[in-house]
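Novice: Okay, handing you the structure first.
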Amino acid sequence: MDSLFDAWKNKIPKYSVRFSDLFSSFAHKGAASSQTVSSLGKHFDVQYELYIYAFFLGLYNKERLPFEQDEKKKDFSREIMYWGSKSKVGRKDFTYIQDYIFMASVSKSNLSLVALDKGEVDIKDAVKELLKVLEEYTNGGLTIINEKMEDELSPFLTSDSFLQLLLKSN
Amino acid sequence: MKIESITLENFQCYYDLNQFVFERGLNIILGDNGEGKTKFYEAIHWLFNGDRFNLDPLISKKKLKENYNGDKFMVSVSMTVTVDNLQQKLKKSFKVESGTQKIKTESFEFIGMSENDIGEREKMDGDKLLDYIFPPQIRRYSMFKGEAELDIFKSGEQALSNLVKSFSNASHYDEFCKYGDYLRNEAEKAVNKDVKLSSKSKRQFQLLESAIDKKKNELSSREEQFKINDTNLIKIKEDLKEADKYFNNAKHLKTLKERIKRINESISKTQSRIVSDYTTRIFDDKWILMFFEKIQKEFNEKIKNEDLLRRKEEKKFNMEQGAKELSDKILNKITPLPLGVPSVSHMEEMLKEKICKVCNRSAEEGSEAFTYMEKRLEDFKQSIKPKKEKQREVLFKKNYTQKLFSLSDNYTKRLIDIRKIEPGLKDVFEFNERKNQELKELEKSLEKEEREIQKIIAKSKGESELVNIYENVKAWNKQELDIEKSKVRLESEINNLKRELKELVSEKEGIDSKEAKRFLIDTRDILRDIETIFQDTRELKYDEFIDLINFKSNEIFSTINVDDFTGKINLKKYSDSRGEQIKVELLTAEGEYENPNQSLETTMHMSILFAISEIASEISSEGAGNYPMIFDAPTSSFGLKKTMDFLNLVHSTDKQRIILTYEFVGRDAKGNQVIEEEFNSVKRSKAFWLRRDEFVKEDLSTINTNVTTL
Amino acid sequence: MTRRDLLLKDFMSHPIISEKYKISPSKIPSTLEDGLNSSYPIVKSISYMIKEIKRSPKKSEKEVDKLIRKLLNESPL
């Protein structure tokens, strides 16, 4: 474990249980099925895709939402380092996304790299801080999605609904 | 003459009273097939031509059902018109008594009510009044059901002689020809008689006379045969044209089907090209990074700052370390000379000689100076030796963040790609928009082609008839050839006979001039000339009339510019066994014969009919002038756009025309009938919409038409 | 111009009148009245035929024939 990145990507970030239904509605559980997902009404082939999407949504909208005290969380047993690997025919590899998430997390964290290399900060705590950033922005993004569900009747009806939501961030 | 209103009472699907009030100009009656359009036309036809027999089928079933208990009710069709501002009314009616067992019809009558110029109404015979307000020869060319009826010059009809009789004074000349013929004949008989009386060349004369008679008979029968051939030829040509149309329909159908297949293929292709997997592309095409530039810059900034800080601290640390070492040395209060001064060799020499050559004092072994020099040499030798670095203290014990610098570098280069995302997305949306537009266009054209197919299917005969027609066509083609051949043969025979006859006649006339009395010959000659004058003048008048129809038809035809056809209608006169007929041809602008498609043919016939109507109103003797025209579905082959153009044209003539059509009636998404938007731009004086009530198929009494004025 | 005048005019415009009978345009009658009094037998005959055919009731073919024959016999040819 000789780099911060390697230490970080072994982790699995969590999300609040109150968003479980978003994952079950919009994402496919487990490995991506061979059927076209949109025909089953699910926009995302795998669950962590929604997670990544929510992270960027929160990030671009500057919505960083810390968890409540004692808020229950869960994850989907897929370490960051596997995110983006080609899931099925017709999809591409997008492991590049790990780098970007990492850069964003570092940028938004209060981590002092100097302190880390000096040994003043423990690597474990550094990773924890980065994950906190990731989880809190994702939390913000999921909240935005959730609000849209509550405001509108059928907000994610069309195949470009999520794209449009993302575009609105600017 | 203007039709003010037509009222149908319990006539077929028109339950109770249904009144249609008409305006001048174009009146349009819209109704889908089976909704009551044709029944309306038939009502008018019955009013004009119907008799007292077989009235049961005309009775409204619904009314019958209601009146099962024996009440009487009336079935009638009436029409109110104005002629020279005076109102005239016609009503044909009968009473119905319906018991549970039988239907009894009675009191059939056809009454006319005529208003005179002092406002009094006078009852009169319906037929008489009808012939007055709408003369039969004009009526005959004012009402048409369907497109086929529009061809009034079809072989077998006596259209030309009817038209000439009705609308031209050319028929007067027929009379003169008859007289001319008679007189000439009498004069010739007189000459013959006279010659016969003189005995000189009697024998020769008689022989000649019988030879001439025989020749004339031969000639006459050949000419008759020739005319019959012509008639047959025309009929066969018409049959072949019909068959051709059918084949054309089949070919057209095939073409349309292919077109539809291609359109469907284009639709699939276009649909497949429309981007729909937006969400997966967010990741696969890196769209998710669309706004990442700012964050990338923040990251770069942070890394830069950290790097700066790192170097600053390192420098500080090193400086502190260096300073410490230095101060250790200074503590010894010696300001040492720099290493290398003096040189090694000097020092070794000094040590050997035990003399400090710097201060020039002796340096015995064990003395302070000697020890200093020894140490000094020792230090120098150490310093040039590659020695093990003293384990120095390090500030940055870990190097977790090395990768971050390369991340920063690499991804900064990739910012260009991120900037391309938003415009790239815009392209995708525009592309999709274009494809969706294309789809819409394709679907519209698909609809159009499918409508065309419906039309063709409606007009075509079944598959099995195709075989029959095929066989017939073969036979007809053979017949055509045979007739052409016999035509040629007959022609030469006729010419020969004519020549021979001419010789015989002149021989005879040679005798005539020698033998017969002078004045008989002269009289005969004058009467021959008179006959010629009558015949030629009559011929001329006929031709003038036909030219008039031709000219007016083309005037109208050029304004109803269907398919941008630039040719002309050509009416050709020919005579067959029944008399003189007209053939209608279509010629291109270059004068070549053109085989028109259905809608062009219909337009041709309509132009001719409108021309005749114009001539009728110009020539009309009674001062009744204009007459209305009624057409039932005259433009079925036209399609929506051409029908619209056609109707607008008819409206512009400002003559009263009643046109029934199924165009413009469509269905909405729920399957209900609606009038299509395009109808709003059709100029007309009035419009009606015929719609049936909801009905039960098995119960005829539920089939009833409602009339709505639009 | 009555209809009968027009009929005469039509017949008179036939080339036989001017070419074979050499009747100049000035000598061609413009009314039926004039035609009936014409010195040209053919013109007179045609005029009488118009008169008799276009009257009500019209004369029969036989009657007209008799009339014209008499006419032509009497006039110098």
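Novice: Compute the accessible area per residue over the protein assembly as shown, keeping the other protein chains in place, probe 1.4 Å, unit Å².
Specialist: Values: 52070 Å² over 957 residues.
I get 54 Å² per residue for this part.
Novice: Related question: How big is the range B:486-554 by the Kirkwood estimate over distinct Cα pairs, in Å? Present the calculation step by step, with values, prior to reporting the outcome.
Specialist: Details: mean 1/r = 0.0644 Å⁻¹.
Result for the range B:486-554, one decimal place: 15.5 Å.
Novice: Amide H of B:Ile59 versus every other amide H placed in the peptide plane: which residues, excluding those fewer than 5 positions away on the same chain, fall under 5 Å?
Specialist: B:Gln12
Novice: For helix B:640-652, what angle does its Cα long axis make with the longest principal axis of chain B, in degrees from 0 to 90 and rounded to 10?
Specialist: The angle comes out near 50 degrees.
Novice: Per q in 0.16, 0.22, 0.28 Å⁻¹, report the Debye log10 I(q)/I(0) for the range A:48-92, using one uniform scatterer on each alpha carbon and no solvent.
Specialist: -0.62, -0.97, -1.12
Novice: Another one. Where in the range A:142-170 does accessible area fall by at least 20 Å² between the isolated chain and the complete protein assembly, at a 1.4 Å probe radius?
Specialist: Those residues are A:Ser159, A:Asp160, A:Leu163, A:Leu166, A:Leu167, A:Asn170.
Novice: Set the bar at 28 Å for Cα to Cα. Now go through B:Lys178/B:Lys215; B:Lys541/C:Lys58; B:Lys165/C:Lys62; B:Lys178/B:Lys517; B:Lys128/B:Lys154 and name every pair that lies beyond it.
Specialist: On the way: B:Lys178/B:Lys215 23 Å; B:Lys541/C:Lys58 22 Å; B:Lys165/C:Lys62 25 Å; B:Lys178/B:Lys517 26 Å; B:Lys128/B:Lys154 30 Å.
As for pairs spanning more than 28 Å Cα to Cα, those are B:Lys128/B:Lys154.
Novice: Helix A:96-108: angle to the longest alpha-carbon principal axis of chain A, degrees 0 to 90, nearest 10?
Specialist: The helix A:96-108 is inclined about 60 degrees to chain A.
Novice: Also, I was wondering about something else. Dimensions of chain B along principal axes (Cα, Å, largest first)?
Specialist: That gives 202, 82, 51 Å along the principal axes, largest extent first.
Novice: Give me a comma-separated list of calculated 3J(HN,Hα) values for the range B:207-219, in order, Karplus coefficients 6.51, -1.76, 1.60 applied at θ = phi - 60°, integers in Hz, x for any Gly or Pro.
Specialist: Ordered by residue, 3J(HN,Hα) equals 4, 4, 4, 5, 4, 4, 4, 4, 4, 4, 4, 4, 4 Hz.
Novice: Could you work out the per residue convex hull volume over the alpha carbons of chain A, in cubic angstrom? Could the numbers behind the result be given before it?
Specialist: Values: hull volume 20.9 nm³, N = 170.
Per residue, the Cα convex hull of chain A comes to 123 Å³.
Novice: Here's something else I'd like to know. Of all the accessible heavy-atom surface of the protein assembly as shown, with the other protein chains kept in place and a 1.4 Å probe, what percent is carbon and sulfur?
Specialist: So the carbon and sulfur contribution to the accessible surface is 49 percent.
Novice: While we're on this one: From other protein chains only, count the Cβ atoms within 10 Å of every residue's Cβ in B:206-214, then give the mean.
Specialist: Working: counts 0, 0, 0, 0, 0, 0, 0, 0, 0.
Other-chain Cβ atoms within 10 Å of each residue's Cβ, averaged: 0.
Novice: Separate question: Looking only at chain B, where both bridge partners belong to it, what percent of the DSSP beta bridges are antiparallel (to the nearest 5)?
Specialist: Working: 61 of 79 bridges.
Counting only bridges with both partners in chain B, antiparallel ones make up about 75 percent.
Novice: Continuing with the same structure: By DSSP, what percent of the beta bridges with both residues in the protein assembly as shown are antiparallel, rounded to the nearest 5?
Specialist: Given both bridge residues lie in the protein assembly as shown, the antiparallel proportion sits at roughly 75 percent.
Novice: Can you list the residues, at least 5 places off or on another chain, whose amide H is less than 5 Å from the amide H of B:Lys145, using H built in the peptide plane?
Specialist: Result for B:Lys145 returns B:Asp632.
Novice: Follow-up question, since we're still on this one. Can you work out D for the protein assembly as shown in µm² s⁻¹ from Stokes-Einstein, where Rh is the Kirkwood radius over C-alpha pairs, the temperature is 37 °C and the viscosity is 0.692 mPa s? All intermediate terms of the calculation are to be shown ahead of the outcome.
Specialist: Details: Rh = 40.9 Å.
After rounding, the answer is 80 µm²/s.
Novice: Output the peptides B:231-242, B:531-542 sorted from most to least packed, where packing is the average of other Cβ atoms within 10 Å over each peptide's residues. Show your work: numbers first, answer last.
Specialist: Numbers: B:231-242: 15.9, B:531-542: 18.8.
Final packing ranking: B:531-542, B:231-242.
Novice: Leaving out ligands, DNA and RNA, calculate the buried accessible area for the pair A and B with a 1.4 Å probe, summed over both sides, in Å² to the nearest 100. Walk me through the numbers before you get to the answer.
Specialist: Working: alone 9900 and 43150 Å², together 48810 Å².
Its buried surface, counting both partners, is about 4200 Å².
Novice: For the range A:4-167, what is the relative contact order in percent, using Cα pairs closer than 8 Å and at least 6 residues apart in sequence?
Specialist: Working: 197 pairs, mean separation 53.5, N = 164.
Relative contact order here is 33 percent.
Novice: Then there is this: Ignoring everything except DSSP H segments at least 4 long, calculate the 222 nm mean residue ellipticity for chain B; use -39,500 (n - 2.57) per segment, divide by total residues, nearest 500.
Specialist: Details: 18 runs with 399 residues, N = 710.
-19500 deg cm²/dmol, from helical runs alone.
Novice: Then there's this: Average partner chain C-beta neighbours within 10 Å, per residue of A:54-65?
Specialist: Values: counts 0, 1, 8, 1, 0, 5, 6, 1, 0, 0, 0, 0.
For this peptide, the per-residue mean of nearby foreign Cβ atoms is 2.
Novice: Applying the Karplus parametrisation 6.51 cos²θ - 1.76 cosθ + 1.60 with θ = phi - 60° to the phi angles of the range B:313-319, what ³J(HN,Hα) value in whole Hz is obtained for each residue in order, glycine and proline being reported as x?
Specialist: Using θ = phi - 60°, the values come out as 5, 5, 4, 4, 4, 4, 4 Hz.
Novice: How big a patch of accessible area, both sides summed and in Å² to the nearest 100, lies buried between B and C at a 1.4 Å probe?
Specialist: Numbers: alone 43150 and 5830 Å², together 46410 Å².
Approximately 2600 Å², summed over both chains.
Novice: Within 10 Å of each Cβ in C:28-36, how many Cβ atoms from other chains are there, averaged over the peptide?
Specialist: Details: counts 0, 0, 0, 0, 0, 0, 0, 0, 0.
Whole-number average of other-chain Cβ neighbours for C:28-36 is 0.
Novice: Next question, about the same structure. Taking amide hydrogens as modeled 1.01 Å from N in the peptide plane, which residues meet the under 5 Å criterion relative to A:Lys73, leaving out close sequence neighbours?
Specialist: Here the answer is A:Val17, since their amide H atoms fall under 5 Å of that of A:Lys73.
The values are calculated or read from the model by the stated rules, or taken from the named source; none is laboratory data. All of these numbers come straight from a predicted model, not from anything done at the bench. Note that we place each Cβ from the backbone using ideal geometry, even for glycine, and neighbour counts take in every protein chain shown. Each accessible area value is taken on the protein alone, full model and side chains, heavy atoms only, with ligands, DNA and RNA left out. Shrake-Rupley method; radii C 1.70, N 1.55, O 1.52, S 1.80 Å.
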